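J.: Please find one structure pasted underneath; my questions will follow.
The values are calculated or read from the model by the stated rules, or taken from the named source; none is laboratory data. Bear in mind that the values here come from a model prediction, so they are computed numbers and not experimental data. In this analysis, Cβ positions are derived from the backbone assuming ideal geometry, glycine residues included, and neighbour counts consider all displayed protein chains.
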Amino acid sequence: MLDLTQDIQSLTTFRRRSADFLKQLKKSKRPVVLTVKGKAAAIVQDAAAYQRLLDIAAAADAREGIRQGLEESRQGQGQSAREFFKEFDAEIEKKYGLSR
């Protein structure tokens, strides 16, 4: 969560005190919003916190894919694993000239 008193700073202030900001980022794990002429221009974040954000996004994406698959299954869409592999095997056999 942002702390409006510490986590929104001008780019000029960040340039002048970058070492202090890097210590703050590492300690607080909160991003800092950098402004130019009073408007948000960039967000600076500790590398570990950014990696955690990427991990959360990847997990959320996987959960969403699973949720969509389950919903499609409930609606009778898709096919059974048996049907899928039967078609897959037939395609592989045809592609590579294999026979059983």
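J.: What's the number of the only condition in (1) loosely packed, with under 10 Cβ neighbours inside 10 Å; (2) closer than 30 Å to residue 20 by Cα; (3) of a type outside the set (S, T, N, Q) that residue 97 fails to meet?
T.: Among (1) loosely packed, with under 10 Cβ neighbours inside 10 Å; (2) closer than 30 Å to residue 20 by Cα; (3) of a type outside the set (S, T, N, Q), residue 97 violates only (2).
J.: If you don't mind, another one. Do we have residue 74 as farther than 26 Å from residue 2 by Cβ and of a type outside the set (A, V, I, L, M, F, W, C) here?
T.: yes
J.: Which residue, of 52, 63, 67, is at pLDDT 90 or above, surrounded by 12 or more Cβ atoms within 10 Å (Cβ to Cβ), under 26 Å from the mean Cα position of the chain (by Cα) and among the charged types (D, E, K, R)?
T.: 52
J.: Still on this model: Pairs please, first residue from the stretch 80-100 and without any contact (Cβ under 8 Å) to a residue 60 or more places away in the chain, second anywhere and among the hydrophobic types (A, V, I, L, M, F, W, C) and in a helix (DSSP H, G or I), Cβ atoms under 7 Å, 6+ apart in sequence or on different chains.
T.: From residues that are without any contact (Cβ under 8 Å) to a residue 60 or more places away in the chain, the pairs are 98/92.
J.: Only one of these is acidic (Asp, Glu) and in contact with a strand residue (DSSP E or B) (Cβ under 7 Å, 6 or more places away or on another chain): 7, 20. Name it.
T.: Exactly one residue qualifies, and that residue is 7.
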